[in-house]
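Mind having a look at this structure? Questions to follow.
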Amino acid sequence: MAEAHGSHNPLEHAMDHPTIELPWGFGGRVFELPRVHTGIPIEGFRDFQITRFMVMEVLVALAIILIMVPLSRHAAKRSVSRGAFMNAFEALVSFIRDKVARPSIGGHGADDFIPYLLTVFFFVLFNNLFGMIPGGASATGNINVTAVLAIATLGAVIFAGMRESGPVQFWIKLVPTMDVPIWLKVFLWPLMFVIELAGLLIRHFVLAVRLFANMLAGHVVLGVILGFILLAGGNLAYFVTPASVLGVVLLSFLELLVAFLQAYIFTLLSAMFIGSAVHPH
């Protein structure tokens with residue numbers, strides 16, 4: 001067992017740690033997470049530290065499997081859904097399909113990417129919601145996690161473009177048609193290709209940063225508000241503490257909205273990027 005992280009600094013809640021903390025109802029204890037030795041004879045790969053963000057991602061993956069797979073099978077067997085939970089699940093799936101994937105990608109080809117978009121949506125959503133659980137943490141508040149998600153979307157974009165236009169034509173079509181003399185096009189085309197390629201990479205870099213920054217900022221704000229309690233002393237604490245707790249509770253409801261909103265925005269932008277690759281300018 002280890003000393004609780006964040007006992008001296010509320011902003012520690014928004015950071016990754018090699019520990020995991022149980023909620024107060026389970027004892028409020030903090031446990032050190034193990035370091036895994038891989039045996040790979042390469043520096044940096046020989047061993048790695050398991051962190052609480054890694055644990056939360058595994059829990060999110062298990063939750064998606066345990067909740068979504070049975071619901072998907074249930075929906076496939078029945079034409080009419082029954083129950084609030086089942087209807088909510090079907091509404092989310094239908095929304096991503098009809099309001100995000102098909103309008104952004106277009107045609108029946110959009111259905112090929114719906115499984116990926118649904119996976120991204122629920123993974124981001126569950127990670128955001130798990131960060132609201134006492135003792136939990138939101139892995140989407142880590143740039144490494146959002147970067148991997150953005151790289152996965154970049155891979156889907158390149159795959160969609162190559163499948164639609166061919167492995168060579170996809171890269172050629174990155175550059176828009178230029179109605180200029182051939183001698184000028186020889187100089188402009190390589191420059192435009194570099195600019196368009198950089199734009200493709202920058203779009204996905206921004207996709208990672210926007211999710212990371214939004215989720216991190218929410219936890220930082222909550223940490224700062226709770227930190228006012230530590231700064232208050234004497235009789236002032238009797239006024240600051242209730243106000244801080246009330247502020248955190250109210251902002252937590254806003255964070256629940258942000259959790260859904262950020263999952264939706266990440267999925268929508270992913271669909272739009274895939275659509276731009278399927279239908280190049």
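The values are calculated or read from the model by the stated rules, or taken from the named source; none is laboratory data. Being a predicted model, the structure only gives us computed values, none of them experimental. We place every Cβ from the backbone using ideal geometry, glycine too, and count neighbours over all the protein chains shown.
Are any of the residues in region 251-261 surrounded by fewer than 15 Cβ atoms within 10 Å (Cβ to Cβ) and more than 30 Å from LEU118 (Cβ to Cβ)?
The answer is no, given that none of the residues of region 251-261 is surrounded by fewer than 15 Cβ atoms within 10 Å (Cβ to Cβ) and more than 30 Å from LEU118 (Cβ to Cβ).
Could you count how many residues in region 82-125 are over 13 Å from ALA160 (Cβ atoms) and among the acidic types (Asp, Glu)?
Residues meeting the conditions: 2.
Any residue at all in region 72-90 that's under 16 Å from the mean Cα position of the chain (by Cα) and either surrounded by 12 or more Cβ atoms within 10 Å (Cβ to Cβ) or not in a helix (DSSP H, G or I) (or both)?
So far as region 72-90 goes, no, none of its residues is under 16 Å from the mean Cα position of the chain (by Cα) and either surrounded by 12 or more Cβ atoms within 10 Å (Cβ to Cβ) or not in a helix (DSSP H, G or I) (or both).
In region 32-71, what residues are touching a Ser or Thr at 6+ places or on another chain (Cβ under 8 Å), in a loop (DSSP other than H, G, I, E, B) and at pLDDT below 80?
The answer is PHE45, ARG46.
Follow-up question, since we're still on this one. Just name the residue that is farthest from LYS99 (Cα to Cα) out of those in region 261-281 that are aromatic (Phe, Trp, Tyr) and under 11 Å from the mean Cα position of the chain (by Cα).
Going through region 261-281, the residues aromatic (Phe, Trp, Tyr) turn out to be 264, 266, 273.
Narrowing further to those that are under 11 Å from the mean Cα position of the chain (by Cα): 264, 266.
Numbers: TYR264: 11, PHE266: 14 Å.
Filtering region 261-281 for residues that are aromatic (Phe, Trp, Tyr) and under 11 Å from the mean Cα position of the chain (by Cα), the one farthest from LYS99 (Cα to Cα) comes out as PHE266.
Are there any pairs, at least 6 apart or on different chains, whose C-beta atoms fall under 6 Å, with the first in region 86-110 and farther than 16 Å from ALA277 by Cβ and the second part of a helix (DSSP H, G or I) and aromatic (Phe, Trp, Tyr), and if so, which?
If the second residue must be part of a helix (DSSP H, G or I) and aromatic (Phe, Trp, Tyr), the pairs left are ILE96/PHE121.
If we scan region 256-271, do we find a residue that is within 30 Å of ASN142 (Cβ to Cβ), of a type in the set (A, V, I, L, M, F, W, C), touching a Gly at 6+ places or on another chain (Cβ under 9 Å) and assigned to a helix (DSSP H, G or I)?
Yes: one or more hits.
Quick one: how many residues across region 145-171 are free of Cβ contacts under 8 Å to residues at least 12 places away in the same chain and of a type in the set (S, T, N, Q)?
Residues meeting the conditions: 1.
Moving on. Name the single residue that is nearest to the chain's Cα centre (by Cα) among those in region 131-169 being assigned to a loop (DSSP other than H, G, I, E, B) and either under 19 Å from LEU201 (Cβ atoms) or of a type in the set (Val, Ile, Thr) (or both).
For region 131-169, the residue satisfying everything is ILE133.
Also, I was wondering about something else. Collect the residues in region 213-227 that are modelled with pLDDT under 80 and either under 17 Å from the mean Cα position of the chain (by Cα) or outside any helix (DSSP H, G or I) (or both), keeping them in residue-number order.
Answer for region 213-227, where residues must be modelled with pLDDT under 80 and either under 17 Å from the mean Cα position of the chain (by Cα) or outside any helix (DSSP H, G or I) (or both): just HIS219.
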